[in-house]
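Each remark here refers to the structure printed beneath this line.
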Amino acid sequence: MNKKKSAPWLQSLHAVMPLCLSYIPVGLACGVLLQKVGFDPLLTGLLSILVFSGGAQFLVASMLTTQASFATTLLMVFFLELRYTLLGSSLSVFMKKEKRPFLAVFSQSLNDENYAVNYLKFSTDPTWNKRKALYVNWFSMAAWAGSNMIGNLFGSVIRVDADLVHFALTAMFIFMFIMQMKSALLVLTGLFSGVLGVIFMVLFQNTFGLIAATIIASLAGFTLEKAFKKEKAKKLRDRGKEVNEPLFNFPEQEAQHHD
């Protein structure tokens, strides 16, 4: 069947199928871990739909095993998910004419992976539209939520040490940190955040120390990046002035300057 003549939902399913398949093992593991901290299949499915973020759900499981407060868990998830502001803004160029209700529904089902699928399709496929993009979001969400719920069901018969929650979360964030190692500033900011987190946890004996470390390190990294960009722009302006200046000042040029 020609993709261009097939139904929009079939085109979306074809585009997102590899992503849905990749969600299955991670979603099963996340569901098992959530079952170990007290979630039933219904709550697991609800969390998967409302949050729809592997990182956030692993974080919730980890925070619950340490008996963190609701406010602390909520703040940690909030700061972790702030990156979606940037993802949403980059997709907004393709949805300038859409109404707010649609944008709200679309944003609720947005995550890192379906963002990548939709951005690629919007950039390369002239026939890609908001309806197909929304189907991509919904198919990926269904695969993720379903995998989590099935994992939660099997969690009652699978013996998993609760310490695995911390290991899985740590391993995932180490991977995310390595994927961000694109510049020395990002590496230094990450290391600074880690050192601050350890110091604050020792001093305050509370997970709010992690939030404080994250905010301080992010502000420090942002300030340094802004200063470096300003200095770089200044050097480029100075270099441009040097290029425009004549190598030799001949009498005719001096006379023109005097005129």
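Data table
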| item | result |
| --- | --- |
| Per-residue ³J(HN,Hα) for the stretch 84-101, Karplus 6.51 cos²θ - 1.76 cosθ + 1.60, θ = phi - 60°, Hz, x for Gly and Pro | 5, 4, 5, 4, x, 5, 6, 7, 5, 5, 8, 9, 5, 9, 7, 7, 4, x |
| Backbone HN-Hα couplings from phi across the stretch 13-29 [Karplus 6.51/-1.76/1.60, Hz, Gly and Pro as x] | 5, 4, 6, 9, 4, x, 5, 4, 5, 6, 6, 4, x, 5, x, 4, 5 |
| Highest average packing first - 49-57, 126-134, 32-40, Cβ atoms within 10 Å | 32-40, 49-57, 126-134 |
| Shape category assigned to the stretch 1-111 from the gyration tensor of Cα positions, a/c cut at 1.5 | oblate |
| Whole-Hz couplings from phi, Karplus 6.51/-1.76/1.60, listed for the stretch 6-11; x for Gly and Pro | 6, 5, x, 5, 5, 5 |
| Residues of the stretch 45-133: accessible area per residue with a 1.4 Å probe, Å² | 55 |
| Charge context of N114, other residues only, Cβ under 12 angstrom, K/R +1, D/E -1 | 0 |
| Relative packing of 213-222, 230-239, 108-117, which averages over residues the other C-beta atoms within 10 Å, highest first | 108-117, 213-222, 230-239 |
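The values are calculated or read from the model by the stated rules, or taken from the named source; none is laboratory data. Since this is a predicted model, take the numbers as computed values, not measurements. Cβ coordinates were reconstructed from backbone atoms using ideal geometry, including for glycine residues, and neighbour counts include every protein chain displayed. The area values use the complete protein model at the heavy-atom level, side chains included, leaving out ligands, DNA and RNA. Shrake-Rupley method; radii C 1.70, N 1.55, O 1.52, S 1.80 Å.
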